[in-house]
Amino acid sequence: MEALQLTQEWDKTFPQNDKVNHSKVTFRNRYGITLAADLYIPKEAQGRLPAIAVCGPFGAVKEQASGLYAQAMAERGFLTMAFDPSFTGESGGSPRYMASPDINTEDFQAAVDFLSLHEQADPEKIGIIGICGWGGLALNAAALDTRIKATAASTMYDMSRVNAKGYFDAEDSADARYAKKQALNAQRVEDYKNGSYALAGGVVDPLPEDAPFFVKDYFDYYKTTRGYHARSLNSNGGWNVTGCMSFLNQPILQYSSEIRSAVLVMHGEKAHSCYFSRDAYAGMVRDNPYTDNKELLIVPDAVHTDLYDGGGKDAIPFDKMEDFFRNNLK
């Protein structure tokens, strides 16, 4: 496997829990990319435990929201792992700051590979959690990987939809998509000529006074001590301009209505992105004979980033998640 430079000291955006053992691990996906992860195991754990792999938000690193989720679920008795996706954070893959509907779905499956062989994990009791854009990718993984017994998608984005149609589908036309493709392909020529990839920029800084409320929410998380991290794309230079190009014509939720395993979709009531979860849930249960184990949970008074770290109001429904995974990883 590729040799990675892993930070050994605690450098998370959340405090360490003294009831949970933490360690750094690596694993590889089927494209040969080595991924870095934080493993969390309850200190009093005995025997094989139900296991959960966590990733997201889109443009974040494992030291942010996914690590918080993983540690909280480990305190509740699960063996958990928060990982950096390919091309980002401490994980391998080159060029950096690229995204792929295929490779990033594979990242979840590779995490399942790792957990299936871990000596303290029960290979028959594996679930995943995807946050923000990784919520959609988690659903895509659940539709593909029959080893995944339960999936939680939190404050999810459908990255295919938002890239192809814009926010609230405001750019859903062939002409709008053609213009995006023209710009992206022109950028490809520039990148090839320069021998490097131009960055799109992370969360806007300084924050304009007239910025939409959700941009202010992103700023409040990624650009302040609340959630800033030096390796986070959103906290810094962002994805490559061409980084998400392939999402334009590769819909990730095409077969979500064939998911047989349990799924919990959670979203904030006041989140600008809530329509992604509502529509994804509706599409997942439409004509699906396996709906008894599917649930949409709308968290009252919560915005998108409240489900990253609780938003100072304990917005993340960890009790619900614990019940969900306990009931479905058995």
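The values are calculated or read from the model by the stated rules, or taken from the named source; none is laboratory data. Keep in mind that what you see is a predicted model, and the values were worked out from it rather than measured. Neighbour counts are summed over all protein chains in view; Cβ atoms, including those assigned to glycine, are modelled from backbone coordinates with ideal geometry. SASA here: full protein model, heavy atoms, side chains in, ligands and nucleic acids out. Shrake-Rupley method; radii C 1.70, N 1.55, O 1.52, S 1.80 Å.
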Every residue from region 123-170 that is in a strand (DSSP E or B) and open to solvent by 40 Å² or more (accessible area, probe 1.4 Å): PRO123, GLU124, LYS125, LYS149
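Would you check if ILE316 is part of a loop (DSSP other than H, G, I, E, B) and out of contact with any Ser or Thr (no Cβ under 6 Å at 6 or more places or on another chain)?
Values: part of a loop (DSSP other than H, G, I, E, B): yes; out of contact with any Ser or Thr (no Cβ under 6 Å at 6 or more places or on another chain): yes.
Judged against the criteria, ILE316 is a match.
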Residue list for region 171-190, restricted to those being without any contact (Cβ under 8 Å) to a residue 60 or more places away in the chain, surrounded by 16 or more Cβ atoms within 10 Å (Cβ to Cβ) and either of a type in the set (D, E, K, R) or closer than 22 Å to TYR281 by Cβ (or both): GLU171
Pick from region 209-219, criterion surrounded by 11 or more Cβ atoms within 10 Å (Cβ to Cβ) and without any contact (Cβ under 8 Å) to a residue 60 or more places away in the chain, ranking: nearest to ASN236 (Cα to Cα): PHE219
Options TYR308, TYR275, TYR255, TYR281: the member that is more than 18 Å from the chain's Cα centre (by Cα), modelled with pLDDT of 95 or more and among the aromatic types (Phe, Trp, Tyr): TYR255
Residues of region 84-111 classified as buried (at least 19 other Cβ atoms within 10 Å of the Cβ), of a type outside the set (S, T, N, Q) and assigned to a helix (DSSP H, G or I), total: 7
Options GLN16, GLN71: the member that is over 20 Å from GLN109 (Cβ atoms) and either in a loop (DSSP other than H, G, I, E, B) or β-branched (Val, Ile, Thr) (or both): GLN16
Hey, VAL204 at negative phi, assigned to a helix (DSSP H, G or I), among the β-branched types (Val, Ile, Thr) and open to solvent by 10 Å² or more (accessible area, probe 1.4 Å) or not: no
Breaking point among (1) farther than 27 Å from ALA99 by Cβ; (2) surrounded by fewer than 22 Cβ atoms within 10 Å (Cβ to Cβ), for PHE324: (2)
Among the candidates PHE83, PHE58, PHE87, residue that is farther than 20 Å from LYS125 by Cβ and in contact with a Ser or Thr (Cβ under 8 Å, 6 or more places away or on another chain): PHE87
Unmet criterion (only one of (1) of a type outside the set (Phe, Trp, Tyr); (2) at pLDDT 95 or above; (3) open to solvent by 40 Å² or more (accessible area, probe 1.4 Å); (4) in a loop (DSSP other than H, G, I, E, B)) for MET1: (2)
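Residues checked against (1) in contact with a Gly (Cβ under 7 Å, 6 or more places away or on another chain); (2) farther than 25 Å from ASP84 by Cβ:
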| site | (1), (2) |
| --- | --- |
| ASP175 | no, yes |
| GLU190 | no, yes |
| PHE214 | no, no |
| ILE252 | yes, no |
Scan of region 273-315 for residues that are among the hydrophobic types (A, V, I, L, M, F, W, C) and within 17 Å of ALA138 (Cα to Cα), ordered by number: CYS274, PHE276, ALA280, ALA282, MET284, VAL285, LEU296, LEU297, LEU307
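Go through the residues of region 296-312 one by one and say whether even a single one is in a strand (DSSP E or B), out of contact with any Phe, Trp or Tyr (no Cβ under 8 Å at 6 or more places or on another chain), open to solvent by 20 Å² or more (accessible area, probe 1.4 Å) and on the phi < 0 side of the Ramachandran plot.
Yes, region 296-312 contains a residue that is in a strand (DSSP E or B), out of contact with any Phe, Trp or Tyr (no Cβ under 8 Å at 6 or more places or on another chain), open to solvent by 20 Å² or more (accessible area, probe 1.4 Å) and on the phi < 0 side of the Ramachandran plot.
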